[in-house]
Structures are given as structure tokens and as C-alpha cells.
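Remarks on the structure that follows.
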Amino acid sequence: MSLKKAFHKTGRDSIDLFAQQDVIEILELLLQEKAIHSILSNEVYAIKSLTRITCFNCVQDNIVEDITQIIRIPVLKDVPTSLQKILAPEPLLAASAPFCYVCSEHCDSESKLSFAGLGKYLIFQLNRFRVVDGVTSKDCAPFYCSPSIEVVTEVEGEVFVKLNYNLHAIINHSGTLHTGH
């Protein structure tokens, strides 16, 4: 079935079939549609992440749970290094300090991302485009895709499980911010 017919059948008007689209946007729409119609889709593609924000003043944790199908990672040398970067604790200081409901003020904190559940397949998107001083540019740095990776998941904050994933496919955006989709 053509993509046009598939989207027409679902009644979704969120995609312009006559404009250039990023592959990741189309993939996200298809995965979301699949999740609506199949319970098994969550077991196959869903990624459950936990963001733990810890206040430096009262040491209170605020945990935010999110479910997505795609892990967005920075362009570093390879997937494990990029994953290590997004999973590392990040200080939230001064202007980026969140509001603490225990302290009743904005407090310096630490944010830490972890995975609480992973599907059978993982989909990564490299964040190749970035904005610096209002100018968008593409990061064309080389990126090594190893044939397999190990990802650690956290179960109830105390038990960690290592899962292995094999590389099945790569989609490479060729072009600039405005062309090459």
C-alpha cells in the first residue's frame, strides 16, 4: 500500500505528501499508528525512560516517566559514547534550575536519565543539526556504527540489566537542512 493511501486510510492530515519530509518523521508517524492498532508494538519498539531530578538543597527526587519509540543521541564517536553522554548526570544550575516543590523555590539540581524498559528493537536518531548563536548547521563528523551494542536498563532504581542489540539498518540523511530529504 502506498504511503499516501496509508495516511489517508488513518485519517491523519499531519503530513504533507507533496513536501520533503525527514525519514524519521515518517517513521515516527508509522510507529505511532502501529502502537494504536497493536498491543505488541509496545513490546517491540517502546522505550520507557525515567528522568530523575534531584534537588541539591533538600535531596528530594522528582521522577518523570516517558515512553517513546526513538532515542535521540548527540553525534559523538559511536553509539555507546553517545548513550553514555545522554545517560550521564547533568547539573541544572542558575537559569536552568527547576522549581522544587519541597523548597518552594528554584534550586540547583541534577538531572539523570535512565531506561526502565526497552523494546526488542532500538531506533536511534543522531542529532546532526544544531543551532549556535541563532545559526543552524549540520554536524558532518564521522560516526562509527558498531555491529552490536550493550544497553543498561534500570529496574526499580536498584537492579540493572544489560541488554544486547545488533545493528540491522542505517538511514543516512544526505544533504542540507533544506534539501536532500
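The values are calculated or read from the model by the stated rules, or taken from the named source; none is laboratory data. Because the structure is a prediction, the values reported are computed rather than measured. Virtual Cβ from ideal backbone geometry, glycine too; neighbours counted across all protein chains shown. What goes into the accessible areas is simple: the full protein's heavy atoms, side chains included, and nothing from ligands, DNA or RNA. Shrake-Rupley method; radii C 1.70, N 1.55, O 1.52, S 1.80 Å.
Kindly write out, for segment 121-132 in residue order, the coupling ³J(HN,Hα) from the Karplus curve 6.51 cos²θ - 1.76 cosθ + 1.60 (θ = phi - 60°), rounded to whole Hz, with x marking Gly and Pro.
So the Karplus estimates, Gly and Pro as x, are 10, 10, 10, 10, 10, 7, 7, 7, 9, 9, 10, 10 Hz.
How large is the accessible surface per residue of segment 59-181, computed with a 1.4 Å probe and reported in Å² as a whole number? Can you show the working numbers first?
Values: 8270 Å² over 123 residues.
Per residue, segment 59-181 has an accessible area of 67 Å².
Past 19 Å, Cα to Cα: identify those pairs from Lys34/Lys120; Lys85/Lys162; Lys48/Lys112; Lys48/Lys138, in the order given.
Values: Lys34/Lys120 15 Å; Lys85/Lys162 17 Å; Lys48/Lys112 14 Å; Lys48/Lys138 29 Å.
Violating the 19 Å Cα-Cα cut-off are Lys48/Lys138.
With θ set to phi - 60°, apply the Karplus curve 6.51 cos²θ - 1.76 cosθ + 1.60 along segment 66-83 and write out the HN-Hα couplings as whole Hz, x wherever there is a Gly or Pro.
Along segment 66-83, the couplings run 9, 10, 9, 10, 10, 9, 8, 10, x, 7, 10, 6, 7, 4, x, 5, 5, 5 Hz.
Can you run the Rg to Rh ratio on segment 82-149? Use alpha carbon positions and the Kirkwood inverse-distance Rh. Intermediate results must be reported in sequence, preceding the final value.
Values: Rg = 16.9 Å, Rh = 15.7 Å.
My calculation puts Rg/Rh at 1.07.
Distance between Cα centroids, segment 115-144 to segment 27-79: provide it in whole Å.
14
Express the carbon and sulfur contribution to the solvent-accessible surface of segment 17-88 as a percent, rounded to the nearest whole number, probe 1.4 angstrom. Please report the intermediate quantities before stating the final value.
Details: 2460 of 4340 Å².
Result for segment 17-88: 57 percent of the exposed heavy-atom area is carbon or sulfur.
Could you give the dipole magnitude of segment 39-181 about its Cα centre, charging the beta-carbon of Lys and Arg +1 and that of Asp and Glu -1, in debye to the nearest 20?
So the dipole magnitude of segment 39-181 works out to roughly 620 debye.
In percent, how large is the relative contact order of segment 17-166, given Cα pairs closer than 8 Å and 6 or more residues apart?
Details: 251 pairs, mean separation 36.2, N = 150.
It comes to 24 percent, rounded to a whole number.
Using θ = phi - 60° and the Karplus curve 6.51 cos²θ - 1.76 cosθ + 1.60, what whole-Hz ³J(HN,Hα) does each residue of segment 24-40 get, with Gly and Pro shown as x?
5, 5, 5, 4, 4, 4, 5, 5, 5, 5, 5, 5, 5, 9, 9, 5, 5
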